[in-house]
Amino acid sequence: MSVAGLRRKGGRGRHAARRAAPLGTLPALVLRTVRLQSRGVLIWGTALGLYSAAIVASYTTFSASAEQMNRLLEAYPQGMLEAFGITDLGDVENYMNSQVFLLAPLALAFFPILAAAGTIAGAEERGTMDVLLGNPIPRWQLVVGSFASIALSLLGILALMGALTQATAILMDVDLPLGSTIAAVLNVWPLCLLFGGVAMLCSAVFHRRALAIAIPASLLFAMYLLNTLGRISEDLENLQPVSAFYYHGSAIEDGIDWTNFWGLALVALALMLLAVLAFRRRDIYT
Amino acid sequence: MGTAIRTEGLTKVYGRKGRGIKDVDLEVNEGEVFGFLGPNGAGKTTTIRTLLGFMRPTGGRAEVFGLDIQRESVEVRARVGNLPGEFALEDKTTGEGLLRFFARMRGVGDLGYARELAGRFGADLHRPMRRLSRGNKQKIGLIQALFHRPPLLILDEPTGGLDPLVQEEFLDVVEETKAEGRTVFFSSHVLSEVERVCDRVGIIREGELVDVEPTHRLVDKAFRHVTLTFDEPVGGEPFAALPGVEGLKADGPKLSFTLHSEPDALVKLAARHRLVGLEYERPSLEEIFLTYYGKNGGER
């Protein structure tokens with residue numbers, strides 16, 4: 001059969017190559033990546049969940065002396081207390097926010113950062129990229145599929161964290177509404193995903209996994225510091241909106257600010273799209 | 001017969017030293033086994049990775065089954081089974097898991113042929129990759145390239161790390177693939193396997209395709225390393241005077257030299273003495289490259 005005939009029929013007789021529908025490969029890619037990440041989800045979710053559960057449990061011993069603690073804290077500068085989100089330690093939601101949910105993104109953001117850095121630059125360094133892309137997968141699907149699986153795995157970690165927190169609250173008879181716990185853990189999701197987006201972009205642009213980790217990690221700490229110091233220093237207050245943490249808020253106390261929630265998620269999505277564009281144009285190295 | 005691979009002035013230059021390939025014009029016919037040969041760093045892998053869309057050409061163009069390698073890369077890869085020269089497989093995955101995933105990617109429902117190949121190669125599909133030796137990973141790599149019966153196989157040094165029995169089995173599979181009318185394009189360093197399965201060979205040197213010829217012509221023109229051991233020292237001069245004899249060294253009753261012509265005159269001369277040992281060895285492909293396609297230009 002001529003080459004033209006081959007193109008028309010999409011294959012050659014009994015040796016015809018079965019071409020998978022491009023969109024059909026995306027769910028398979030997401031499912032496989034989620035499976036590969038499942039162990040990490042379990043470890044991260046359990047670790048953060050146990051930490052959060054320990055803080056909930058500690059509240060039962062702490063709440064009795066909360067009045068005294070609050071009076072003690074009055075001696076501290078107001079700005080410093082605000083910086084660490086402390087307003088009333090007698091309130092379990094404020095206690096949980098200051099002790100867990102302000103810091104959780106700082107740790108959990110490393111999950112999407114590490115996963116996204118491994119998707120492209122890491123796969124190139126490990127040598128797995130050529131075998132994977134030997135299949136009829138468009139490059140954009142590799143980026144989008146991996147990012148979607150990271151987003152799902154992140155939700156899994158947060159669900160586990162929320163479940164362990166809430167279960168401990170029920171067991172220890174702490175009055176922590178389920179809605180508040182859900183809002184608190186869900187609110188961490190877009191913030192962490194944003195740093196995953198930065199890592200995905202770096203992974204697509206650079207060929208080195210170390211850079212794809214170092215850049216978003218530095219940005220993470222810089223933004224956290226800027227937002228925290230911005231609460232204390234009037235000079236830095238104007239710069240706070242530059243930090244993603246500025247839009248995080250305290251969902252456990254005030255509920256989720258959906259504008260900020262979707263705003264952060266959209267920035268993460270935009271970073272992923274930039275990663276798609278960058279990865280489509282460049283050579284793959286091994 | 002159609003064309004499986006066609007390149008026109010295909011060029012890929014990268015890195016500070018300007019490595020890559022230059023103006024490669026190549027045509028591989030459907031249904032043939034084509035050996036792509038050259039010393040290390042000559043540009044074999046760059047050519048293959050450019051054909052598969054992993055690297056963007058900096059000049060020229062190429063088609064696989066008439067599909068443009070840049071614009072229609074996904075379509076190209078749907079028709080190709082690829083074994084990279086250097087590769088790794090996800091540590092946590094088993095061969096079975098990997099093949100199931102790739103089967104979904106390619107819309108293949110039946111893993112029967114994959115299991116048949118695993119049986120023939122002696123590959124363990126149930127152990128995670130991190131527990132497999134290099135040779136066993138290579139077997140999984142071969143199976144993932146072959147199991148979907150692609151019209152074109154592109155294999156970069158496919159027998160590296162395989163034991164001789166598995167190499168033989170692999171060469172049988174290549175012959176079966178050819179018998180089914182499918183095309184195989186592979187790079188190799190082993191003259192014996194090239195001679196056994198390849199219809200034609202292309203020689204690449206320093207990024208340029210210097211020759212394409214039937215395999216028998218490459219093999220026929222290859223020289224031989226000869227060592228003759230006699231029962232007593234014999235004069236080396238008559239042997240050195242034979243046509244095609246080069247670099248003769250005499251060590252007591254032993255004569256060693258390179259023979260660039262047919263051995264008839266040599267055998268007749270040696271038969272005048274009592275010969276107690278005879279070694280007649282083929283050169284490696286690297287030696288052939290150096291001799292016939294060496295830096296000092298052109299064919300010998």
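The values are calculated or read from the model by the stated rules, or taken from the named source; none is laboratory data. Please read these numbers as outputs of a predicted model, since none were measured by experiment. Here the Cβ positions follow ideal geometry from the backbone for every residue, glycine too, while neighbour counts run over all protein chains shown. Side chains included, ligands, DNA and RNA excluded: accessible areas come from the protein's heavy atoms. Shrake-Rupley method; radii C 1.70, N 1.55, O 1.52, S 1.80 Å.
Summary table
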{"item": "Unique match (being within 11 Å of chain A (Cβ to nearest Cβ) and open to solvent by 10 Å² or more (accessible area, probe 1.4 Å)) among B:180, B:175", "result": "B:180"}
{"item": "Scope region B:78-108; condition more than 28 Å from the chain's Cα centre (by Cα), open to solvent by 40 Å² or more (accessible area, probe 1.4 Å) and within 7 Å of another protein chain (Cβ to nearest Cβ); matching residues", "result": "B:92, B:104, B:107"}
{"item": "Residues that are part of a helix (DSSP H, G or I) and hydrophobic (A, V, I, L, M, F, W, C), drawn from region B:121-134", "result": "B:121, B:129"}
{"item": "Count - residues of region B:109-139 that are of a type in the set (Ser, Thr, Tyr) and surrounded by 11 or more Cβ atoms within 10 Å (Cβ to Cβ)", "result": "1"}
{"item": "Selection count where residues are of a type in the set (Val, Ile, Thr), surrounded by 13 or more Cβ atoms within 10 Å (Cβ to Cβ) and farther than 30 Å from residue A:234 by Cβ, scope region A:44-88", "result": "4"}
{"item": "Qualifying residue in region B:275-293 (condition: out of contact with any helix residue (DSSP H, G or I) (no Cβ under 8 Å at 6 or more places or on another chain), at pLDDT 90 or above and assigned to a helix (DSSP H, G or I))", "result": "no"}
{"item": "Members of region B:50-77 found to be touching a residue at least 40 places away in the same chain (Cβ under 8 Å), more than 8 Å from chain A (Cβ to nearest Cβ) and open to solvent by less than 10 Å² (accessible area, probe 1.4 Å), listed by number", "result": "B:50, B:51, B:62, B:64"}
{"item": "Sole residue being polar (S, T, N, Q) and buried (at least 19 other Cβ atoms within 10 Å of the Cβ), chosen from A:218, A:233, A:250", "result": "A:250"}
{"item": "Close pairs from region B:135-153: first within 11 Å of chain A (Cβ to nearest Cβ) and part of a strand (DSSP E or B), partner basic (Lys, Arg) and crowded, with 24+ Cβ neighbours inside 10 Å, Cβ under 7 Å, at least 6 apart", "result": "B:152/B:79"}
{"item": "Lone qualifier among B:9, B:2, B:31, B:20 - being touching a residue at least 40 places away in the same chain (Cβ under 8 Å) and out of contact with any strand residue (DSSP E or B) (no Cβ under 7 Å at 6 or more places or on another chain)", "result": "B:2"}
{"item": "Which numbered condition residue A:64 fails, given (1) in contact (Cβ under 8 Å) with a residue 24 or more places away in the chain; (2) more than 23 Å from residue A:230 (Cβ to Cβ)", "result": "(1)"}
{"item": "Residue B:33 being among the β-branched types (Val, Ile, Thr), closer than 25 Å to residue B:159 by Cα, within 12 Å of chain A (Cβ to nearest Cβ) and surrounded by 22 or more Cβ atoms within 10 Å (Cβ to Cβ)", "result": "no"}
{"item": "Any hit, region A:201-211, residues being within 30 Å of residue A:90 (Cα to Cα), open to solvent by 20 Å² or more (accessible area, probe 1.4 Å) and over 19 Å from the mean Cα position of the chain (by Cα)", "result": "no"}
{"item": "Condition met for residue B:208 (at negative phi and in contact (Cβ under 8 Å) with a residue 40 or more places away in the chain)", "result": "yes"}
{"item": "Wholly within region A:171-286, helices (runs of 4 or more DSSP H) carrying at least 2 residues that are hydroxyl-bearing (Ser, Thr, Tyr), at positive phi and touching a Lys or Arg at 6+ places or on another chain (Cβ under 8 Å)", "result": "none"}
